[in-house]
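Data first, discussion second: the structure below is written as structure tokens.
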Amino acid sequence: MRTFARFIAATAAVLALPLVAGAQEVTLRVVSAFPESSIYVKRLETWIAKLNEEGRGTLRLNFIGGPKAVPTFEVGNAVRTGVVDVAMSTGAFYTNVFPESDALKLTQMPIAEQRKSGAYDYINRLWNQKGNMQYLARIVEHQSFHVYLNKKIDKPDLTGLKIRVTPVYRDFFTALGATVMQTAPGEVYTALERGVVDGYGWPIGGIFDLNWQERTKFRVDPGFYDAEVSLLVNLDTWRRLAPAPREFLTRQALAWEGQNEFWKAHAQEEIKRQAQAGIQVIRFEGAAAKQYVDRAYETGWAGIIKASPEHGPKMRELLSRH
Ligand code: 173
């Protein structure tokens, strides 16, 4: 009996250990909604390696993998329910959790400014309430989106073209006359190869990561919006974290977010690389260019406001250049 009591006491102590501050290293499970060959995941892995090195005894991130572990459009729900603790994703991939997520593509000021203006706090409260997520850091910005095509156009009109989309581009490309088809990034190459689509939406950087340059003839300029990729943490996990690992994770995430100037240079390199790969630029100039970009924001915000009459207008006010 005494042995049994001791066994119970010992078991309880072991189970209680992670709750005791500083008692044990905490391990969190991380997934990516982007494929493992993408530059976003390369940077994620570099960040995790450094974090694990510096976080010995405090926090460890265990990278489970990309869409083979959790499919792209399921990652948001996996974070919401706590199936995973941390995810790298973009709002367009979890509109099935709450539709406001897709508004982050429409931000017209850097994340550093959003943190100062109160926009970040508004976003994070919404992500807490509607997604059961902590919006930890935005680790991609300064990357405009573009339409890439295999058929030539000479004005902003996609009538008769089938274009691969995510929610990012749906309203804009539809307004331009396109027939749209949604796929995860991992299915773009096959869709191009089989001629199922005549083009696709993607940021200025990253088309080489899955060899799409082999199946791309044109890029349309100018770009529009600003690609957003962020780190999300399940809110229960976040609240359960002891102060030391939570502060450590916050600091590491902010340090990564602070490196977003990288994306400006990367955009320039990718433009050169696309030209070298033979991708031609279809460029709208002057008033046509302005009209094109204005149309992108108008249709983008109209979509967000329609889906969220409650938060859409406030988000537009907080996230637009005035
Ligand atoms: O898959 C996509 O085209 C998409 O929505 C996206 C969003 C952010 C970065 C890269 C792609």
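The values are calculated or read from the model by the stated rules, or taken from the named source; none is laboratory data. This is a predicted model, so every value here is computed, not measured. All Cβ positions, glycine included, derive from the backbone under ideal geometry; neighbour counts span all protein chains shown.
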- prompt: Limited to the stretch 79-106, what total is found for residues that are more than 12 Å from the ligand (Cβ to nearest atom), within 15 Å of the chain's Cα centre (by Cα) and touching a residue at least 24 places away in the same chain (Cβ under 8 Å)?
  reply: 9
- prompt: Of everything in the stretch 167-195 that's in a helix (DSSP H, G or I) and closer than 20 Å to Pro156 by Cβ, which residue is farthest from the chain's Cα centre (by Cα)?
  reply: Ala175
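Rundown of residues vs (1) at pLDDT 95 or above; (2) of a type in the set (Val, Ile, Thr); (3) in contact with a Phe, Trp or Tyr (Cβ under 8 Å, 6 or more places away or on another chain), yes/no style:
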{"residue": "Phe145", "(1), (2), (3)": "yes, no, yes"}
{"residue": "Arg164", "(1), (2), (3)": "yes, no, yes"}
{"residue": "Phe172", "(1), (2), (3)": "yes, no, yes"}
{"residue": "Thr179", "(1), (2), (3)": "yes, yes, no"}
{"residue": "Gln182", "(1), (2), (3)": "yes, no, no"}
{"residue": "Ala191", "(1), (2), (3)": "yes, no, yes"}
- request: Confirm whether Gly57 is at positive phi and either modelled with pLDDT of 95 or more or part of a loop (DSSP other than H, G, I, E, B) (or both).
  value: yes
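Among the residues of the stretch 85-127 satisfying the criterion of being assigned to a helix (DSSP H, G or I) and of a type in the set (Asp, Glu), which is nearest to Glu74 (Cα to Cα)?
Out of the qualifying residues, it is Asp102.
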message: Suppose the filter is touching a residue at least 12 places away in the same chain (Cβ under 8 Å), surrounded by fewer than 21 Cβ atoms within 10 Å (Cβ to Cβ), among the small types (Gly, Ala, Ser) and under 20 Å from Val281 (Cα atoms); does Ser117 pass it?
response: no
- prompt: Within the stretch 169-186, is even one residue within 11 Å of the ligand (Cβ to nearest atom), of a type in the set (A, V, I, L, M) and buried (at least 20 other Cβ atoms within 10 Å of the Cβ)?
  reply: no
field: Flag for Arg29 being charged (D, E, K, R) and at pLDDT below 95
entry: no
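To keep it simple, each residue is scored yes or no on (1) small (Gly, Ala, Ser); (2) more than 12 Å from Tyr148 (Cα to Cα); (3) away from the ligand (no atom under 16 Å from the Cβ).
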| site | (1), (2), (3) |
| --- | --- |
| Gly195 | yes, yes, yes |
| Gly201 | yes, no, no |
| Ile204 | no, no, no |
| Arg215 | no, no, no |
| Phe224 | no, yes, no |
| Val233 | no, yes, yes |
| Arg239 | no, yes, yes |
| Ala244 | yes, yes, yes |
| Ala255 | yes, yes, yes |
message: Regarding the stretch 264-285, can at least one residue be identified that is within 24 Å of Thr58 (Cα to Cα) and of a type outside the set (D, E, K, R)?
response: no
- prompt: If you check Ala244 against the conditions, is it of a type in the set (A, V, I, L, M, F, W, C) and surrounded by fewer than 23 Cβ atoms within 10 Å (Cβ to Cβ)?
  reply: yes
task: Within the stretch 34-67, track down each residue that is among the polar types (S, T, N, Q) and closer than 18 Å to Ile207 by Cα.
output: Ser37, Ser38
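Restricting to the stretch 157-168, what's the tally of residues that are within 22 Å of Gln143 (Cβ to Cβ) and more than 12 Å from the ligand (Cβ to nearest atom)?
1
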field: Verdict on Asn132 being on the phi < 0 side of the Ramachandran plot and modelled with pLDDT of 95 or more
entry: no
